[in-house]
Ligand code: ATP
Ligand code: ZN
Ligand code: MG
């Protein structure tokens, strides 16, 4: 792909340049054009000073480059040299004003670009894209132009995947199982007052019966997985600050689904008095007034394991403690599911047990196989449900809009899906992911041996397990397997309503 960069910069100096021999500056420009701005570029490539002009205390430069030694890098290199040259005349550099920055590149995409950060104007015509950037010196030092080029490459990549369905490949399918129910379990539970829709969207209050069923699921995880495989429990944070999502990669795409968390700009009661008074007078919560007094600091738990990595951030572990196996079941997960809400199958607030293991590559892959064998036993022998396993687009690629990437056979996600007889649809009720070195790299966690640490995680959605199990077997324990019935025990009857 052909790419061209153009930059017009005005370099302000601390004194008049009239005393400097114009030949010296011409020599400097020649040195830049033949040597300094060519270093590291293939022959014929790199940057050049196309035009230059010295007037008063200012040097005006027009730089042109290809993708090698891009004009902003050229400017940096040249500034250092110029500082030395002017230093001899006791003149310093005061600052650089960027008059114009343009990127031109081939563009054969059949979709329209809308808006890009730091881009003033954007022109797409006759196979060429021209961007005029709104950048200052510090934006150039932060390599904003490079990041814009990378963003465009990302968008092209995402456009390729768009419209293609997510990768899905059957790995295993259980035997057919008898179904004892053909209704929607959420409705049936609501009828029996096992659950009631709560005040928030996609949120329920779970009564004693279904809570006991959730706890039985957890007990099965303890007996079949945590105890025999040597897991220990941890408590992961449930508020997630942006720094965590930057490191986990979620900051690249979580925005439409996040539950945002804000804190007061100050806890000074005077600052809040107006809000308090307004509420007292109207009985309405003045949301607009509140919005002006709070600031966003992150969001609620979305994927459960990311904030736990802060525990290991920047640490080095001895290899002999591997593989490490921990789990968290300490709180809720929150996602803004928009129109897709449906009963306990798709909630904005849900409960999940997150299982996290780490080790060397082979250990992590090997452990994912052990887990899959344990799950198979649970679903076949204890819950006795009809289910299947599928190899799907890993979450972090789905998040970045890349649907079908399946080349990765070691790193990736397996979804577990169960039949919902009442709707004839399949529901994903949990997953097993091998995340490769993504988290250890993101959170700078190292091994003493210098080998790369890997990790995997598995999210067991309690409501999703219940949705699949109850949809197939119904709410009557007589139709449950003996093993599951005894895991649950008596269903408590606490409330009655008139
Ligand atoms: P879906 O495709 O159904 O939206 P997902 O791919 O977004 O699911 P993951 O990000 O893999 O789900 O989350 C892991 C697990 O968390 C899921 O297998 C499921 O058990 C649970 N889960 C995710 N979203 C919800 C939700 N909105 N309500 C209830 N459980 C959920
Ligand atoms: Zn996870
Ligand atoms: Mg989802």
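Just so it is clear, none of the values below were taken in a lab; they were calculated from the coordinates. Being a predicted model, the structure only gives us computed values, none of them experimental. Virtual Cβ from ideal backbone geometry, glycine too; neighbours counted across all protein chains shown.
Worth pointing out:
- Between residue 310 and residue 227, the FRET efficiency estimated from the beta carbon spacing at R0 = 25 angstrom works out to 0.35.
- Value of relative contact order over the chain, rounded to a whole percent, pairs C-alpha under 8 Å and six or more apart: 16 percent
- Packing, taken as the mean count of other beta carbons within 10 Å per residue, orders the peptides 17-26, 177-186 from highest to lowest as 177-186, 17-26.
- Helix 144-161 axis versus longest C-alpha principal axis of the chain: approximately 40°, rounded to the nearest ten.
- For peptides 217-226, 462-471, sequence by mean Cβ density within 10 Å, most packed first: 462-471, 217-226
- Diffusion of the chain by Stokes-Einstein, at 4 °C in a medium of 1.567 mPa s and with Rh set to the Kirkwood radius over alpha-carbon pairs, works out to 47 µm²/s.
- Alpha carbon centroid spacing (whole Å) that separates segment 130-164 from segment 174-228: 46 Å
- Relative to the longest principal axis of the Cα atoms of the chain, the long axis of helix 208-221 makes an angle of roughly 70 degrees.
- Net length gained if the chain between residue 330 and residue 176 were fully extended (0.36 nm per residue, minus Cα distance): 52.0 nm
- Highest to lowest packing among 5-13, 453-461, scored as the average C-beta count within 10 Å: 453-461, 5-13
- Residue-averaged [θ]222 nm for the chain, counting only DSSP H segments that reach four residues, each worth -39500 (n - 2.57): -8500 deg cm²/dmol
- Counting only alpha carbon atoms, the long axis of helix 269-282 and the longest principal axis of the chain meet at about 50°.
- Length available on full extension from residue 52 to residue 198: 0.36 nm per residue minus the Cα-Cα distance, which gives 45.7 nm.
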